[in-house]
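K.L.:
Structure in structure tokens, see below.
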Amino acid sequence: MRIGVLGAGQLGRMLALAGYPLANDFVFYDMSGNPSAGLGEVIIDRNNEFLKDFLSRVDRVTYEFEHLPVEVAQIIAREKPVYPSPRALQVCQNREAEKTLFGSLGIPTPEWRIAENAEQLRKAASDLGCPVVAKSNTEGYDGKGQAVLRSPEDAAEAWQSINHDKLIVEKFVDFQREVSIIAVRGEDGELAFYPMAENVHHDGILRYSIAPAPGLRPEVRDDAERYIRMLLNELDYVGVLALELFETADGLVANEMAPRVHNSGHWTMEGAVTSQFENHIRAVTGMPLGDTSARGVSCMVNIIGSHGEIRDILRLPYTHLHLYNKLERSGRKLGHINVLADSYEELVWRVKNCACFLPGAPELDCSLTRG
């Protein structure tokens with residue numbers, strides 16, 4: 001099958017690498033003018049001049065990045081199947097719409113308000129009680145377009161720094177750790193859930209994902225699966241969906257969802273029987289879903305800014321290195337390493353060994369290392 005991918009970054013690259021063994025071909029449609037997938041056929045089109053040409057070359061369309069014009073996805077959907085649907089894309093691009101959907105389904109979220117100017121931001125911070133997190137209502141990812149207000153008096157500075165015409169303001173969540181669940185839904189409604197991951201962020205960027213999340217209570221896992229099942233069915237979703245959550249003393253609180261394969265699921269490439277990338281391709285091509293069971297315990301280590309000592313990393317027998325063919329730049333995701341082990345104790349030791357060869361990598365501060 002000929003699969004069209006909207007976007008041409010590392011996620012598209014990994015989708016193609018998973019899809020080629022299943023006899024699929026890929027055409028990437030890049031609207032940024034800066035594709036980095038590095039394989040397959042790439043059509044660069046900033047003005048939709050070559051959209052018809054793109055559509056003539058593909059049977060079905062998916063996407064690897066949610067910050068793209070919904071209108072383009074809607075136009076494509078009139079001609080070819082688009083998975084996930086443009087509605088999923090539309091909801092995930094708008095934090096207010098996303099939080100409203102969560103609330104309508106009974107999925108817990110932080111208490112939130114909308115602010116359209118600095119005074120409304122100040123009032124929202126005062127009403128919710130500081131600290132609060134202010135985020136641009138659209139765009140914004142990897143910690144961009146956000147500010148923490150410790151006092152309502154921080155509103156003017158925060159409004160100026162975010163520089164967006166509409167903000168969502170969320171009451172700060174007192175969480176024990178950040179977790180995520182990744183699930184996949186087939187064209188026929190078949191569902192499969194991956195083991196949940198514990199995620200460690202630094203400077204707003206994911207640095208480590210441990211899976212299965214250690215010490216996870218069964219009732220917490222059941223709640224996460226129930227929440228993401230409701231989202232998948234409500235959106236008539238086809239493909240992989242990620243739901244980021246805060247684990248608190250009172251249960252899970254939803255942060256946001258991503259309508260695509262997700263960084264916190266990269267561990268599945270070696271750590272699960274079927275990777276999230278292969279299962280996404282299976283779903284969007286109408287094939288049966290693969291086994292999502294974990295193979296032992298895993299940690300995904302993001303490579304940020306600098307590649308580090310690649311030769312030394314490759315000498316470690318328990319590492320699996322994935323590079324995205326990108327030039328080094330501060331804050332840029334250049335690749336990731338999947339570390340596998342038979343126990344969590346062994347996993348922590350191996351991850352620390354691996355991180356020694358990555359300049360600036362933060363300490364693995366997770367539930368395992370905190371006792």
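K.L.:
Only one of Gly189, Gly145 is of a type in the set (Gly, Ala, Ser), touching a strand residue (DSSP E or B) at 6+ places or on another chain (Cβ under 8 Å) and within 28 Å of Tyr83 (Cα to Cα). Can you tell me which?
P.N.:
Sole residue among the options that is of a type in the set (Gly, Ala, Ser), touching a strand residue (DSSP E or B) at 6+ places or on another chain (Cβ under 8 Å) and within 28 Å of Tyr83 (Cα to Cα): Gly145.
K.L.:
So which residues in region 289-319 are open to solvent by 50 Å² or more (accessible area, probe 1.4 Å) and under 16 Å from Thr274 (Cα atoms), if there are any at all?
P.N.:
Asp291, Ser293, Arg295
K.L.:
Looking only at strands (runs of 3 or more DSSP E) that fall completely inside region 1-46, which ones have 2 or more residues that are of a type in the set (D, E, K, R)?
P.N.:
Passing ranges, in order: 25-30.
K.L.:
Let me ask something additional. Has region 313-324 got any residue that is β-branched (Val, Ile, Thr), closer than 28 Å to Leu216 by Cα, modelled with pLDDT of 95 or more and in contact with a Ser or Thr (Cβ under 9 Å, 6 or more places away or on another chain)?
P.N.:
Taking every residue of region 313-324 in turn, none turns out to be β-branched (Val, Ile, Thr), closer than 28 Å to Leu216 by Cα, modelled with pLDDT of 95 or more and in contact with a Ser or Thr (Cβ under 9 Å, 6 or more places away or on another chain).
K.L.:
So, one more: Touching a residue at least 12 places away in the same chain (Cβ under 8 Å), farther than 18 Å from Met14 by Cβ, basic (Lys, Arg) and open to solvent by 30 Å² or more (accessible area, probe 1.4 Å), is that true of Arg350?
P.N.:
Yes; evaluated as a whole, the condition is true for this residue.
K.L.:
Applying the selection to region 233-253, what residues are surrounded by fewer than 24 Cβ atoms within 10 Å (Cβ to Cβ) and among the hydrophobic types (A, V, I, L, M, F, W, C)?
P.N.:
Once the filter is applied, which keeps residues that are surrounded by fewer than 24 Cβ atoms within 10 Å (Cβ to Cβ) and among the hydrophobic types (A, V, I, L, M, F, W, C), region 233-253 yields Leu235, Ala242, Phe246, Ala249, Leu252, Val253.
K.L.:
Moving on to the next point. Kindly indicate the residue of region 96-116 that is in a helix (DSSP H, G or I) and open to solvent by 20 Å² or more (accessible area, probe 1.4 Å) and also farthest from Val132 (Cα to Cα) among those meeting that condition.
P.N.:
Selected residue: Ser104.
K.L.:
State all residues of region 202-221 that are charged (D, E, K, R), over 17 Å from the mean Cα position of the chain (by Cα) and not in a helix (DSSP H, G or I); if no residue qualifies, say none.
P.N.:
Listed by number, the list holds a single entry, Arg217.
K.L.:
I've got another one for you. Evaluate the following for Arg13: is it among the charged types (D, E, K, R), open to solvent by 20 Å² or more (accessible area, probe 1.4 Å), over 28 Å from Lys166 (Cβ atoms) and at pLDDT 95 or above?
P.N.:
In short, yes.
K.L.:
Pull up region 29-84, narrow it to residues that are aliphatic (A, V, I, L, M) and closer than 20 Å to Glu187 by Cβ, then point me to the one that is most open to solvent (accessible area, probe 1.4 Å).
P.N.:
Once the filter is applied, the top-ranked residue is Ala77.
K.L.:
Which number in (1) open to solvent by 10 Å² or more (accessible area, probe 1.4 Å); (2) within 21 Å of Ser85 (Cβ to Cβ) marks the one condition that Val273 misses?
P.N.:
Every listed condition holds for Val273 apart from (2).
K.L.:
Continuing with this model, one more query. Looking for something open to solvent by less than 10 Å² (accessible area, probe 1.4 Å), closer than 23 Å to Leu68 by Cα and within 19 Å of the chain's Cα centre (by Cα) - is there at least one such residue anywhere in region 166-177?
P.N.:
no
K.L.:
Got a number for residues in region 326-343 being open to solvent by 20 Å² or more (accessible area, probe 1.4 Å) and either in contact with a strand residue (DSSP E or B) (Cβ under 9 Å, 6 or more places away or on another chain) or farther than 24 Å from Leu15 by Cβ (or both)?
P.N.:
Here the count works out to 10.
K.L.:
Can you name the condition, by its number, that Ala224 falls short on among (1) small (Gly, Ala, Ser); (2) in a strand (DSSP E or B); (3) open to solvent by less than 10 Å² (accessible area, probe 1.4 Å)?
P.N.:
Ala224 satisfies every listed condition except (2).
The values are calculated or read from the model by the stated rules, or taken from the named source; none is laboratory data. Please read all numbers here as calculations on a predicted model, not as lab measurements. As a convention, Cβ positions derive from the backbone with ideal geometry for all residues, glycine included, and neighbour counts pool all protein chains shown. Areas reflect the complete protein model, heavy atoms only, side chains present, ligands, DNA and RNA absent. Shrake-Rupley method; radii C 1.70, N 1.55, O 1.52, S 1.80 Å.
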